[in-house]
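Novice: Take this structure first; my questions come after.
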Amino acid sequence: MARIWAGTDIGKTHHHAVVLDSEGNRLLSRRVLNDEPELLALLADVLALDEDVVWAVDVADGMAALWVNTLLNHGQQLVYIPGLAVNRASAGYRGTGKTDAKDATVIADQARMRRDLTILRPEDEQVVELRVLTNRRADLVADRTRKINRLRGQLSSIFPALERELELGNLGPLTLLSGYQTPAALRRLGRRRLETWLRNRKVRSAEALAVAALDAAERQYTALPGEQITAQVVRTLAKEVLELSEEIAQIDKLIEARFRAHDLAKVIGSMPGIGPLLGAEFLAATAGDLRRFGTPDRLASLAGVAPVPRDSGRVSGNLHRPRRYDRGLQRVFYTSALISIRTCDASRRFYERKRAEGKRHTQAVLALARRRVNVLWALIRDGRCYDPAVPVTSAA
């Protein structure tokens, strides 16, 4: 057991560190610049107090990356306590004010008293790269969704008939809008020339798209106020969405290449419904290290696919979805469960059985996702690929 505990309240430019002994007495309190020489000096001063120390942080990445990796590279024991847990625990300490020093004290004291905190370990380069790439992809997808929504709003204000006809998540309609946006312009061009224009740009189903666009143009002959400037905005937005789609396609190739280079890629990818993207997101969230979670139940809880009880008094058996969970990890298990219902006989039978028991669609998918946590856990533990003909051993 450690003899001192060092808690660090993480900040962008400065951190605040507090060291407590086994009785909870404060041995050191210091505000330190988020710079390597300053951090190394803090590390040396704390080790001078006692080499048997447990470090604790409330942020594990981003602005804490330098400090976390400095500690891990020097062989220090490091645990993570979520910021929300620190905030709630602070209410049990004396005083109503909030300072970095108080937060660091709470972090250190919680590490001193609790034995259920997540232990941080060094991560390999592949996992870090996958996390960076998947986070970047999520940002690009969110940007594309926002621009598509703006595009729909602008197009419906001048050409609602065309907006109804187009699926703006596809490249063909976006290519069309990058060239033509108004009913008059489409009528002047004509169906045959529009079809040729689309084919030259390698648009799939160019004929059907040209027919739909010209039919929409024939239903509107009124030129609306601001049509020309709105058309320019529509063209600009369409080009921006196309550029984002191309960037997402490029980053998907990078994600797939790095995922397939990982040691667990074959095992994870053998699960029905999990492809390179969802597999990369799983590795980014877990690093493929089951020791971080201890049991499949904890992994399922973190993924938000395990119900939690909310009993009180005479009320019992009151199960709800957890309020706190990793949304990225939930996306992996929930989305892959949806896909597996269509592609895997065993998953489809499980889903249909839950539906027959009276569960709603979402409940049945969550139950399947929970079951898949156990299966994937056992596969990673045993180091073997999924085979529907071979029963999976217990994950416990």
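Novice: Determine the alpha carbon to alpha carbon distance for each of LYS147/LYS202; LYS12/LYS98; LYS12/LYS147; LYS147/LYS253; LYS253/LYS354; LYS147/LYS359 and list only those over 26 Å.
Specialist: Details: LYS147/LYS202 23 Å; LYS12/LYS98 17 Å; LYS12/LYS147 30 Å; LYS147/LYS253 23 Å; LYS253/LYS354 37 Å; LYS147/LYS359 37 Å.
In this structure, LYS12/LYS147; LYS253/LYS354; LYS147/LYS359 exceed 26 Å between Cα atoms.
Novice: Does the stretch 6-81 classify as rounded, prolate or oblate by the C-alpha gyration tensor (a ≥ b ≥ c root eigenvalues; a/c under 1.5 gives rounded; else a/b over b/c gives prolate, otherwise oblate)?
Specialist: On the way: a/c = 1.42, a/b = 1.41, b/c = 1.01.
Rounded.
Novice: Further question: Once you charge only the Cβ atoms, +1 for Lys and Arg and -1 for Asp and Glu, what is the size of the charge dipole of the stretch 27-99 about its Cα centre, to the nearest 20 debye? Walk me through the intermediate numbers first.
Specialist: On the way: 5 positive and 9 negative charges, 108 e Å.
Using Cβ point charges on Lys, Arg, Asp and Glu, the stretch 27-99 gives about 520 debye.
Novice: What angle, in degrees between 0 and 90 and rounded to the nearest 10, separates the Cα long axis of helix 36-49 from the longest principal axis of the Cα atoms of the chain?
Specialist: Taking the Cα atoms of the chain, the angle to 36-49 is about 30 degrees.
Novice: Note the full-extension length gain between THR196 and ASP345 as 0.36 nm times their separation in residues minus their Cα-Cα distance, in nm to one decimal. The partial results should precede the final answer.
Specialist: On the way: separation 149, 0.36 × 149 = 53.64 nm, distance 4.40 nm.
The THR196-ASP345 span can extend by a further 49.2 nm.
Novice: What is the gain in length, in nm to one decimal, between GLU36 and HIS361 on full extension, counting 0.36 nm per residue of separation less the C-alpha to C-alpha distance? Working shown, then result.
Specialist: Numbers: separation 325, 0.36 × 325 = 117.00 nm, distance 5.17 nm.
Gain on extension, GLU36 to HIS361, equals 111.8 nm.
Novice: What net charge is computed for the residues neighbouring LEU237, neighbours being all others with C-beta under 14 Å from the C-beta of LEU237, Lys and Arg scored +1, Asp and Glu -1?
Specialist: Numbers: positive: ARG144, ARG146, LYS147, ARG150, ARG152, ARG235, LYS239; negative: ASP143, GLU163, GLU240, GLU243.
Summing Lys/Arg as +1 and Asp/Glu as -1 gives +3.
Novice: Among 14-27, 353-366, how do they line up by average Cβ neighbours within 10 Å per residue, starting with the highest? Spell out each step's value before the answer.
Specialist: On the way: 14-27: 17.2, 353-366: 14.4.
Packing order, densest peptide first, comes out as 14-27, 353-366.
Novice: Here's something else I'd like to know. Tilt of helix 125-158 relative to the longest C-alpha principal axis of the chain, in degrees (0 to 90, nearest 10)?
Specialist: So the inclination is approximately 40 degrees.
Novice: Against the longest alpha carbon principal axis of the chain, how many degrees, from 0 to 90 and to the nearest 10, is the axis of helix 227-260 turned?
Specialist: 50 degrees
Novice: Another question, then. Which of the following values of log10 I(q)/I(0) by the Debye sum over Cα atoms at q = 0.07, 0.12 Å⁻¹ was calculated from the structure shown: [x] -0.53, -0.87; [y] -0.29, -0.89; [z] -0.51, -1.06?
Specialist: [z]
Novice: Can you tell me what share of the DSSP beta bridges in the chain is antiparallel? A percent to the nearest 5 is fine. Please list the in-between numbers first.
Specialist: On the way: 18 of 27 bridges.
Within the chain, antiparallel bridges account for around 65 percent of the total.
Novice: May I pose another question? Could you compute the FRET efficiency for ALA185 and ARG327, with r as their C-beta to C-beta distance and R0 at 51 Å, rounded to 0.05?
Specialist: Working: r = 43 Å, r/R0 = 0.84.
For R0 = 51 Å, the calculated efficiency reads 0.75.
Novice: Taking the Cα centre of the chain as origin, sum charge times position over the Cβ atoms of Lys and Arg (+1) and Asp and Glu (-1), and report the length of that vector in debye to the nearest 20.
Specialist: Details: 61 positive and 47 negative charges, 418 e Å.
It comes to approximately 2000 debye.
Novice: Tell me, what is the per residue accessible area of the chain in Å², probe radius 1.4 Å? Please report the intermediate quantities before stating the final value.
Specialist: Working: 21110 Å² over 396 residues.
Computed with neighbouring chains in place, this is 53 Å² per residue.
Novice: Please check the chain for the longest run free of chymotrypsin sites (Phe, Trp or Tyr not before Pro) that are loop-located per DSSP (anything but H, G, I, E, B) and have at most 12 other Cβ atoms within 10 Å. Kindly include the intermediate steps, with their values, before the conclusion.
Specialist: Values: sites that count: TYR93, TYR221.
Free of exposed loop sites, the longest segment is 222-396.
Novice: Another question about this same structure. Percent of accessible area on the stretch 181-258 owned by carbon and sulfur, 1.4 Å probe?
Specialist: Working: 2320 of 4720 Å².
The C+S portion of the solvent-accessible surface of the stretch 181-258 is 49 percent.
Novice: Then there's this: Quick one: 3J(HN,Hα) in Hz for the stretch 81-98, Karplus 6.51/-1.76/1.60 with θ = phi - 60°, rounded, Gly and Pro as x.
Specialist: 10, x, x, 5, 5, 5, 4, 6, 5, 4, 5, x, 9, 5, x, 9, x, 10
Novice: Okay, next question. Heavy atoms only, probe 1.4 Å: what % of the accessible area of the stretch 1-62 goes to carbon and sulfur, would you let me know? List each step's numbers first, then the result.
Specialist: Details: 1350 of 3020 Å².
Reported share for carbon and sulfur atoms: 45 percent.
Novice: Among the DSSP beta bridges whose two residues both lie in the stretch 9-124, what percent are antiparallel, rounded to the nearest 5? Numbers along the way, then the final one.
Specialist: Working: 10 of 14 bridges.
For the stretch 9-124, the DSSP antiparallel bridge percentage is about 70.
The values are calculated or read from the model by the stated rules, or taken from the named source; none is laboratory data. The structure displayed is predicted, hence computed values, not measured ones. Please note: Cβ atoms are built from the backbone with ideal geometry, for glycine as well, and neighbour counts cover all protein chains shown. The area values use the complete protein model at the heavy-atom level, side chains included, leaving out ligands, DNA and RNA. Shrake-Rupley method; radii C 1.70, N 1.55, O 1.52, S 1.80 Å.
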